[in-house]
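Participant: Below you will find the structure I want to go over with you.
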Amino acid sequence: MLSFMKLIHLLSIVVWVGGMFFAYVVLRPSAAEVLQPPERLKLWDKVFSKFFNWVWLAVFLVLVSGFYMIYLFGGFANLPLYINLMLLMGLVMTLIYVYVFFKCYVPFNRHVTKQEWPAAGAMLGTIRKLVGLNLTIGLLTITVAELGHSF
Ligand code: HEM
């Protein structure tokens, strides 16, 4: 059961963190080089609407599999430091994502629908910074999870 939970955990993290990596490092500069602002904003609106569906599923599965593994390890008492760190960083990533979705993406989608390009552009700037932050925390969490065994 532990290895099955770890598989679900890792596949969800690959989708979430891998998706943020592609969006931030590959798609963002490519769209800026090729598309004019209105087209670029419409592209991101479509990208977010599809990617965030997968992120909701990934966040749910990371939390359920993570807490279930803690239960299999006998609960929170005597948990190794690296799992406590992963739990903290995982919850911070989840809170940042929930903020991005409700406080940034929902208004961004409304601005794009109403073709309010300056307001949409400003909101995209905020989303970019927060996705950059969550990508950094995600890569750090994977590092903690992998190197944590040896500490
Ligand atoms: C609330 C959130 C989370 C909890 C409770 C949690 C808990 C756990 C637990 C108990 C394990 C098994 C550790 C072991 O077998 O030694 C694990 C493995 C792992 N977790 Fe998390 N995790 C959470 C979030 C995350 C996040 C957000 C990431 C990455 C962005 C992550 C990355 C990993 C990785 C890479 C492993 C595999 C480590 C190995 O190779 O054994 N976890 N997690």
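The values are calculated or read from the model by the stated rules, or taken from the named source; none is laboratory data. Predicted model only: the values in this text are computed from it and were never measured. Virtual Cβ from ideal backbone geometry, glycine too; neighbours counted across all protein chains shown. The protein model used for the area step is the full one, side chains on, heavy atoms only, and it has no ligands, DNA or RNA in it. Shrake-Rupley method; radii C 1.70, N 1.55, O 1.52, S 1.80 Å.
Participant: Per residue of segment 101-111, what does 6.51 cos²θ - 1.76 cosθ + 1.60 with θ = phi - 60° give for ³J(HN,Hα)? Whole Hz please, x for Gly and Pro, Karplus curve as stated.
Facilitator: Per residue, the Karplus-derived 3J(HN,Hα) values read 5, 7, 8, 10, 5, 4, x, 4, 4, 5, 4 Hz.
Participant: Which FRET efficiency value, to the nearest 0.05, is calculated for PHE101 and SER150 with the Förster distance at 35 angstrom and r the Cβ-Cβ distance?
Facilitator: 0.50
Participant: Full extension from THR94 to LEU140: what is 0.36 nm times the residue separation minus their Cα-Cα distance, to one decimal in nm?
Facilitator: Full extension of this stretch gives 15.1 nm more.
Participant: Follow-up. Within segment 1-121, what whole-number % of the accessible surface is contributed by carbon and sulfur, with the 1.4 Å probe and all protein chains included in the calculation?
Facilitator: 72
Participant: Using DSSP to call loops (not H, G, I, E or B), can you name the trypsin sites (Lys or Arg not before Pro) in segment 99-133 whose Cβ has at most 12 other Cβ atoms within 10 angstrom?
Facilitator: Working: sites: LYS103, ARG110, LYS114, ARG128, LYS129; in loops: LYS114.
When the trypsin sites (Lys or Arg not before Pro) of segment 99-133 are filtered for loop state and at most 12 Cβ neighbours within 10 Å, LYS114 remain.
Participant: Taking only protein heavy atoms and a 1.4 Å probe, what accessible area per residue, in Å², does the chain have with all protein chains in place?
Facilitator: Numbers: 8980 Å² over 151 residues.
On a per-residue basis, the chain sits at 59 Å².
Participant: Could I ask something else about it? Given an 8 Å cut-off on Cα distances and at least 6 residues of separation, report the relative contact order of the chain as a percent.
Facilitator: About 34 percent, as a whole number.
Participant: Can you compute the helix-only [θ] at 222 nm over the chain? Use -39500 (n - 2.57) per DSSP H run of at least 4 residues, normalise by all residues, nearest 500 deg cm²/dmol.
Facilitator: Using -39500 (n - 2.57) per qualifying helix, the result is -27500 deg cm²/dmol.
Participant: Would you kindly find the accessible area of MET86, with a 1.4 Å probe and non-protein molecules such as ligands, DNA and RNA excluded, rounding to the nearest 10 Å²?
Facilitator: Accessible surface of MET86 is approximately 50 Å².
Participant: Relative to the first principal axis of the alpha-carbon coordinates of the chain, what is the inclination of helix 37-72, with its axis defined by its Cα atoms, in degrees from 0 to 90 and to the nearest 10?
Facilitator: Its long axis makes an angle of about 10 degrees.
Participant: Shifting gears a bit: Under a 1.4 angstrom probe, counting protein chains only, how are HIS149, HIS111 ranked by accessible area, largest first? Before the final figure, lay out the partial values.
Facilitator: On the way: HIS149 115, HIS111 40 Å².
Sorted by accessible area, descending: HIS149, HIS111.
Participant: Considering only protein heavy atoms, with the full assembly of protein chains and a 1.4 angstrom probe, order GLU33, GLU116, GLU39 by accessible area, largest first. Let's see the in-between values first.
Facilitator: On the way: GLU33 155, GLU116 70, GLU39 90 Å².
Result of the area sort, largest leading: GLU33, GLU39, GLU116.
Participant: Would you tell me the accessible area of LEU85, worked out with a 1.4 angstrom probe on the heavy atoms of the protein chains, in Å² to the nearest 10?
Facilitator: Counting only protein heavy atoms, the figure is 70 Å².
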